[in-house]
Amino acid sequence: MAFAPTEEDCESIPLKIQCSLHDEFSTIAACETCDDRLVCIQCINSSCFKHTLCNLDEIAERRRQNISCLLKDAESIAVPTLEVSLNQVKRKRALLLAQCDDVSQRIRTHANELKEIIDTICEKRLDECAEFQKRKDEIMKVYEERISKDHDELLNSISKVRDLISSRKSIAMLQNEEAISALSQPKSTTCVPVVAAIWFVPEEVNMSEMYQLFGTMQRSVTICEFEHISHEVRSICLVGDQAWISCEGGNELYLTNKTENSVRSINVRNYFMNQIMDICAGADDSIWVACRDGVVSQIMSHEVKVDRFFIGVHATVYSLFVFKDGDIAVGLVEGVFRMKGKLVRYSQKGEVLDRAVHDSDGNLLFSIPSKVRGCDKSREIAVISLDNKGDHSVVILDADMKFKLNFKGKKPFHPSDVSFDSGQNILISDRANMSIMMLDSHGGICRNIVSASLVPSAICIQGNGDLWTGFENGMVRVYKYAP
């Protein structure tokens, strides 16, 4: 008959612990030499021969004491420490939830306020549009009735004249001259108004406020446009009310104005293989010219050309910008096999004042610095970096020629020129999107200034705010631009 053993019976039953090394033997002792490892008779005669041994009860008591110490430490030290950490996590989690709830509530409140503003504006504009439609529809209805009357009278005359011709009665032809004359001289003098001339314009609109809320939805106004030359416009340099223009692959400069008249041209380089890479106005109305052969020249107001300095044999100059204090920022590529793009600041005598090659992580700032433009107020420099893999960007450097930001736009993005306006905003002409966009000083996109049907290749801002734009097909347009 089976029975359940009591606790005392369990304690009296000798425990048998199998040896970890010899499965056929049970442990009979512990080896102090082997860190209190439990051993069997076979272990004692082999690996633990002549080692110090102790019985299992001693080892069990020793382990009981160690476990008691560990338990005491866990209860007195580890548990309170974990409780403190747990309470900290709970408090921080509660704080995080409260902060996020507060931010979420503020976002919802602000969104509702904006929605109310937008709904109010939209309802007001819809009412104005409906009133406008009603008023103009009544006017157009009057025109429609007048023209319909004239139309019916003309058809009636045509019918009478057809009957006269078919009757072949001479006397009838002579008696109905009035009906016949109506065919050549219709009585209607009604002119249909041009729809665009009466198009809806919301009343009492604060345009600056609307631009801040929604951005601009209008295109810049074109002042004038003309086809300069059949080649792509590479650079535009403004001097007073006139503009010097260089074209892709050319070695001549063309002076023009807004009346579409080409004033004159200057041949900068005589040999065919050389070409003008970029031009920029100096402080004294002179023109600085960078050529592919590495020579930086200055053309004075009386059209005398002076070669100022030579960049180097293994360097290709792509662009330059002349600050009002006389410093010249030059974008170039150095080397033959391992080419390196860099920006170098020179004096007017060709002395190297500073240079920018790598960012703070040691990476090259530019692949090909195709355009360099500066801001005389902030001393910042914008550089268009073209990459053979299509990873084009606009790199902005601060007054110390240190990396500030890298604008890569939304793909596809292919910048062709860059310029600073009077408010230190950055204008970028984009070949890929056939537009000119405006960024703020922190690189945030504000809006598109121009959306064209042509590919813009060069831009320059005049002192009065006019924006000169050159295109890939040689066309030049001047827009009225306001920051």
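Worth a mention:
- Flag if residue 347 is over 23 Å from residue 443 (Cα atoms), surrounded by fewer than 19 Cβ atoms within 10 Å (Cβ to Cβ) and among the hydroxyl-bearing types (Ser, Thr, Tyr): yes
- Qualifying residue in region 351-359 (condition: touching a Pro at 6+ places or on another chain (Cβ under 8 Å), touching a residue at least 12 places away in the same chain (Cβ under 8 Å) and either part of a strand (DSSP E or B) or buried (at least 18 other Cβ atoms within 10 Å of the Cβ) (or both)): no
- Test: residue in region 388-399 that is of a type outside the set (A, V, I, L, M), free of Cβ contacts under 8 Å to residues at least 60 places away in the same chain and within 15 Å of residue 345 (Cα to Cα): yes
- Of all residues in region 427-454, those that are touching a residue at least 24 places away in the same chain (Cβ under 8 Å) have Cβ atoms under 7 Å from Cβ atoms of residues that are of a type in the set (Phe, Trp, Tyr), 6 or more apart or on another chain, in 430/413; 439/407; 443/407; 449/481; 450/479.
- Residue 413, sole failed condition from (1) more than 28 Å from residue 325 (Cα to Cα); (2) over 17 Å from the mean Cα position of the chain (by Cα); (3) modelled with pLDDT of 90 or more: (2)
- In the set (1) of a type in the set (Ser, Thr, Tyr); (2) buried (at least 17 other Cβ atoms within 10 Å of the Cβ); (3) over 23 Å from residue 259 (Cα atoms), residue 422 fails one condition alone, (2).
- Taking the criterion of being among the small types (Gly, Ala, Ser), assigned to a loop (DSSP other than H, G, I, E, B) and at pLDDT below 85, the only residue of region 6-56 that qualifies is 20.
- Within region 313-348, tally of residues that are of a type outside the set (Phe, Trp, Tyr) and either part of a strand (DSSP E or B) or under 28 Å from the mean Cα position of the chain (by Cα) (or both): 20
- Verdict on residue 422 being assigned to a loop (DSSP other than H, G, I, E, B), of a type in the set (Ser, Thr, Tyr) and either at pLDDT 90 or above or under 22 Å from residue 279 (Cα atoms) (or both): yes
- Residue under evaluation residue 61, criteria (1) touching a residue at least 12 places away in the same chain (Cβ under 8 Å); (2) within 30 Å of residue 30 (Cβ to Cβ), criterion not met: (1)
- Filtered by the rule that a residue be surrounded by fewer than 16 Cβ atoms within 10 Å (Cβ to Cβ) and part of a strand (DSSP E or B), region 447-462 gives 447, 451.
- Condition check for residue 3: loosely packed, with under 10 Cβ neighbours inside 10 Å, outside any helix (DSSP H, G or I) and modelled with pLDDT under 85: yes
- Taken together, the residues in region 273-314 that are of a type in the set (Ser, Thr, Tyr) and either at pLDDT 80 or above or in contact with a strand residue (DSSP E or B) (Cβ under 6 Å, 6 or more places away or on another chain) (or both) amount to 2.
- Tally of residues being assigned to a strand (DSSP E or B) and farther than 15 Å from residue 301 by Cβ across region 225-242: 7
The values are calculated or read from the model by the stated rules, or taken from the named source; none is laboratory data. Keep in mind the model is a prediction, meaning the values are calculated, not measured. Every residue, glycine among them, receives a Cβ derived from its backbone with ideal geometry; neighbour counts consider all protein chains shown.
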